[in-house]
Amino acid sequence: MRKIISYKEVTLQDFQAVFMAELGFSNRAIESETGLSQSQISYRTQMAGVQRRHYRDGLSKVAKHILSSRNDIVSPDVQVKMGVKYAKKRVQKLAAKKA
């Protein structure tokens, strides 16, 4: 049976560990920032229900917010132009190597 943790028992380190995990940081990065051990970090993220793969897959609220912010900075038409420009340069480089 799981022990229910009251908010009085939650420390700043706990919040930092969970938040950094939501941002996709590794346990090593969280450990260096918070001073918590690997197992303490794993326990806290498990109790909070955080799964880093949701961030990496773009399924978490944080990931969705970051992706929507990125789209506001660079409009879709600019993204397409940048992609086309990169593709043209890549084709030119490959053609130069073959010649």
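Since every read-out is calculated from the coordinates, none of them should be taken as a lab result. Model, not experiment: these values are computed from the prediction. So basically every Cβ, Gly included, is an ideal-geometry build from the backbone, and we count neighbours across all protein chains shown.
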Based on the mean of other Cβ atoms within 10 Å per residue, sort peptides 13-21, 46-54 so the most packed one is first.
13-21, 46-54
Multiplying the sequence separation of Val91 and Leu23 by 0.36 nm and subtracting their Cα-Cα distance, what value in nm do you get?
20.9 nm
When the chain is fully extended, how far beyond the present Cα-Cα distance does Lys98 get from Gln46, taking 0.36 nm per residue of separation?
13.4 nm
